[in-house]
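Please read the structure below before turning to the comments.
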Amino acid sequence: MTDLILTNAAVLTMDPARPEAEAVAVLDGRIRAVGARSEIEPLAHAGTEIVDAGGGTVLPGFVESHLHLVLGGTELSHLQLGGVHGAAALARAALDFAGRHPERPLVMAQGGDYALLGRPMTRHDLDEILPDRPFAITSHDHHTVWANTAALRAAGILNGAETPRGHEVVIGPDGLATGELREFEAFAPVIALGGEARVNLGIATGGEPSPWPSDAERAIDRERIARGLAHCASHGITSMVNMDGNRYTLELLREMQRAGDLTARVRVPFHFKPHMDLSELARAEAMSRDFDDDWLSCNFVKMFMDGVLDSGTAYRLDDYPGQPGWRSEPLFEPARFAEIAIAVDRLGMQIAVHAIGDGAVRCVLDGYEAAQRANGPRDSRHRIEHIELIARSDIPRLAALGVVASLQPPHPPGAMDFPLQPTLDRIGRARWPDAYLWRTLREAGAVLAFASDWPVADVSVLRGLQAALTRRPYDGCADERIGLWPSLHAYTAGGAWAAHREGLFGTLRCGMAADFAILNGRVTDAAPESLGAMAVARTICGGRTTHTAA
């Protein structure tokens with residue numbers, strides 16, 4: 001008996017025992033058989049759904065190893081500034097969007113890069129566009145917001161605000177906020193103007209909404225998640241690691257699961273912030289105990305060790321170019337992070353830490369090493385997210401400690417949508433050879449998991465795959481591309497392994513979940529520069545179609 005057969009396909013299984021096939025049979029949401037058409041098609045009966053892939057590619061459903069689902073779904077309704085540069089273009093886009101949405105208390109734009117105006121942006125620049133209405137722009141990396149005077153005043157931070165270390169309302173010579181807000185707790189009051197504070201708690205504070213949202217409020221937030229899930233499904237994504245979260249996020253997802261509206265497998269962390277005491281890990285234990293099935297899970301703790309290079313908040317081992325003495329600072333003191341890592345590891349949970357600068361990467365590796373010394377080695381698969389700079393001496397430590405390198409093909413400047421500047425200048429030419437070292441990390445034995453960090457970058461896996469295969473080396477640097485098959489592995493089996501889910505998804509073999517991405521062409525035959533133009537014809541998760549191309 002079979003429920004579903006996929007046939008007439010180039011099936012790339014990611015299973016070393018049988019890398020390629022022609023057809024797949026599904027029963028009760030699981031793969032029943034993988035093989036040649038002559039083996040699989042006779043398994044059909046009168047009630048079997050037959051999907052003819054038209055000679056296209058069938059892959060394991062893509063694993064998005066690092067995204068922000070609720071934020072992404074929410075931001076789909078904001079003004080998108082990708083490709084917008086210059087004051088005139090920004091003004092046209094903002095005024096048009098504001099005119100179409102007169103009811104919004106905050107005109108919110110997404111995806112502004114740090115060179116949008118060719119110089120540092122201030123509230124005065126935004127005042128010239130919308131002087132009497134709150135207006136704000138989130139940077140493409142989501143670590144900076146620029147707000148106009150009306151937004152700053154409405155949020156109560158025009159005269160500054162007390163923020164945790166690493167978060168800053170930048171103050172100008174006049175004693176007032178310049179409009180630049182660095183990191184989440186600095187710009188959270190502005191985001192709240194748009195009525196989206198609840199969905200930002202998971203990344204901003206790690207806390208829960210209080211009072212608990214009403215049925216109507218939860219319905220609004222479930223709709224935001226549904227938009228995000230549909231967007232991801234259209235790109236072949238069937239499993240994701242949602243890198244900001246709290247119990248509220250999991251409760252919303254469970255409500256959707258019970259209603260039959262959950263269209264992907266989602267892992268949600270407990271977000272541990274610097275102000276928290278170790279006793280807060282009891283919340284992580286409760287989340288992990290209460291959410292542990294094939295669709296919703298926790299059992300990991302997310303942390304931020306630093307910020308980003310463009311704003312100068314990534315923690316480095318050397319000075320930023322042109323800023324003698326400035327290296328930023330870690331958000332957790334190294335000894336404090338080691339204490340937390342030991343405690344989380346002792347509880348048997350995985351740890352994932354945002355670390356972009358080489359100083360932050362070293363702090364995280366030192367903490368993971370301390371956990372191994374204290375607790376003994378185990379199959380922890382602790383992760384480092386991003387690794388945009390790394391000291392050469394730290395490269396072999398990832399494999400030695402069993403650390404996952406969670407990397408984002410759209411992120412290197414020039415690879416996809418992010419411009420070369422100002423990032424390359426912020427890195428400094430002397431450090432370019434230490435930036436975005438994917439091949440070097442893989443050759444040193446680290447397991448790679450690929451992702452987009454959506455909505456930081458386009459969630460499209462095919463565009464990300466193109467970026468991975470076509471990025472050019474920076475002047476004087478080695479080629480850090482890893483090739484098609486390793487890149488596909490990092491978007492499928494590698495991501496599943498990184499999430500401790502290699503026994504459920506990530507490969508196509510008998511008994512695995514029936515999660516598929518069906519492409520409209522043969523990915524192995526396509527020129528690398530054309531991969532982004534390919535389309536996902538159908539996405540199937542748990543044997544159920546979650547997307548079909550129009």
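Considering A467, A514, the condition of being aliphatic (A, V, I, L, M), within 20 Å of M416 (Cβ to Cβ) and surrounded by 24 or more Cβ atoms within 10 Å (Cβ to Cβ) is satisfied by A467 alone.
Matching residues to (1) surrounded by fewer than 19 Cβ atoms within 10 Å (Cβ to Cβ); (2) modelled with pLDDT of 95 or more; (3) of a type in the set (A, V, I, L, M):
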| position | (1), (2), (3) |
| --- | --- |
| W212 | yes, yes, no |
| G236 | no, yes, no |
| T249 | no, yes, no |
| T263 | no, yes, no |
| R267 | no, yes, no |
| M276 | yes, yes, yes |
| A282 | yes, yes, yes |
| A286 | yes, yes, yes |
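Determine whether G228 is assigned to a helix (DSSP H, G or I), among the small types (G, A, S) and closer than 23 Å to D453 by Cβ. When the stated conditions are applied, G228 passes them.
Please tell me if D306 is over 25 Å from E388 (Cβ atoms) and acidic (D, E). It is false that D306 is over 25 Å from E388 (Cβ atoms) and acidic (D, E).
From the list T13, T57, the one residue that fits, being of a type outside the set (A, V, I, L, M, F, W, C), under 19 Å from L504 (Cβ atoms) and either surrounded by fewer than 19 Cβ atoms within 10 Å (Cβ to Cβ) or touching a residue at least 12 places away in the same chain (Cβ under 8 Å) (or both), is T13.
Looking across region 102-132, the residues that are loosely packed, with under 14 Cβ neighbours inside 10 Å and either at pLDDT 95 or above or among the basic types (K, R) (or both) come down to P102, E103, P105, R119, H124, E128, P131, D132. So is R165 modelled with pLDDT of 95 or more, among the basic types (K, R) and in a loop (DSSP other than H, G, I, E, B) or not? Judged against the criteria, R165 is not a match.
Among residues of region 185-199 being touching a residue at least 24 places away in the same chain (Cβ under 8 Å) and part of a helix (DSSP H, G or I), the one that is surrounded by the fewest Cβ atoms within 10 Å (Cβ to Cβ) is A192. Against the conditions (1) touching a strand residue (DSSP E or B) at 6+ places or on another chain (Cβ under 6 Å); (2) within 13 Å of Q408 (Cβ to Cβ), S460 satisfies every one except (1). Of the residues G245, G202, the single one that is in a loop (DSSP other than H, G, I, E, B), surrounded by 23 or more Cβ atoms within 10 Å (Cβ to Cβ) and not aliphatic (A, V, I, L, M) is G245. Scanning region 378-415 for residues that are charged (D, E, K, R) and out of contact with any Ser or Thr (no Cβ under 7 Å at 6 or more places or on another chain) yields R378, D379, R381, E388, R392, D394, R397. Of the residues T263, T313, the single one that is outside the structural domain of N375 (by TED's automatic domain parsing), more than 17 Å from A352 (Cβ to Cβ) and among the β-branched types (V, I, T) is T263. Counting just the residues of region 83-99 that are farther than 20 Å from G73 by Cα and not small (G, A, S), which one comes out surrounded by the fewest Cβ atoms within 10 Å (Cβ to Cβ)? Checking each candidate, the answer is D96. Here are some conditions: (1) at pLDDT 95 or above; (2) buried (at least 20 other Cβ atoms within 10 Å of the Cβ); (3) among the β-branched types (V, I, T). I220 meets all but one. Which one does it not meet? Of the numbered conditions (1) at pLDDT 95 or above; (2) buried (at least 20 other Cβ atoms within 10 Å of the Cβ); (3) among the β-branched types (V, I, T), the odd one out for I220 is (2).
The condition of being of a type outside the set (G, A, S), free of Cβ contacts under 8 Å to residues at least 12 places away in the same chain, over 19 Å from R165 (Cα atoms) and not assigned by TED's automatic domain parsing to the domain that holds D113 holds for only one of P377, P324, that being P324. Return the residue satisfying two criteria in turn: it lies in region 515-534 and is in a loop (DSSP other than H, G, I, E, B) and touching a residue at least 24 places away in the same chain (Cβ under 8 Å), and of such residues it is nearest to S406 (Cα to Cα). Here the answer is D515. The one condition from (1) touching a residue at least 12 places away in the same chain (Cβ under 8 Å); (2) closer than 19 Å to A435 by Cα that L401 does not meet is (2). Checking each residue in region 412-444 for being closer than 30 Å to E502 by Cβ and either surrounded by fewer than 18 Cβ atoms within 10 Å (Cβ to Cβ) or among the β-branched types (V, I, T) (or both) picks out R439, T440, E443, A444.
Applying the criterion of at least 3 residues that are out of contact with any helix residue (DSSP H, G or I) (no Cβ under 8 Å at 6 or more places or on another chain) and over 20 Å from R224 (Cα atoms) to the helices (runs of 4 or more DSSP H) found wholly in region 29-137 leaves 37-40, 87-100. The residues on offer are G312, G307, and the sole one that is in a loop (DSSP other than H, G, I, E, B), within 25 Å of N246 (Cα to Cα) and touching a residue at least 60 places away in the same chain (Cβ under 8 Å) is G307.
Remark: pairs (first residue in region 67-80, farther than 19 Å from P410 by Cβ; second residue at pLDDT 95 or above and basic (K, R); Cβ separation under 9 Å; 6+ apart in sequence or on different chains) = V70/R224; T74/R224; T74/R227; S77/R224; S77/R227. Of the helices (runs of 4 or more DSSP H) entirely within region 436-514, those holding at least 3 residues that are over 18 Å from the mean Cα position of the chain (by Cα) occupy 438-443, 484-491. Of the residues T138, T163, the single one that is surrounded by 24 or more Cβ atoms within 10 Å (Cβ to Cβ) and in contact with a strand residue (DSSP E or B) (Cβ under 7 Å, 6 or more places away or on another chain) is T138. Residues of region 454-477 that are of a type in the set (G, A, S) and under 22 Å from V404 (Cβ atoms): A457, G464, A467, A468.
The values are calculated or read from the model by the stated rules, or taken from the named source; none is laboratory data. Given the structure is predicted, the values throughout are model-derived calculations rather than measurements. Ideal geometry is used to build each Cβ from the backbone, glycine not excepted, and the neighbour counts take in all protein chains shown.
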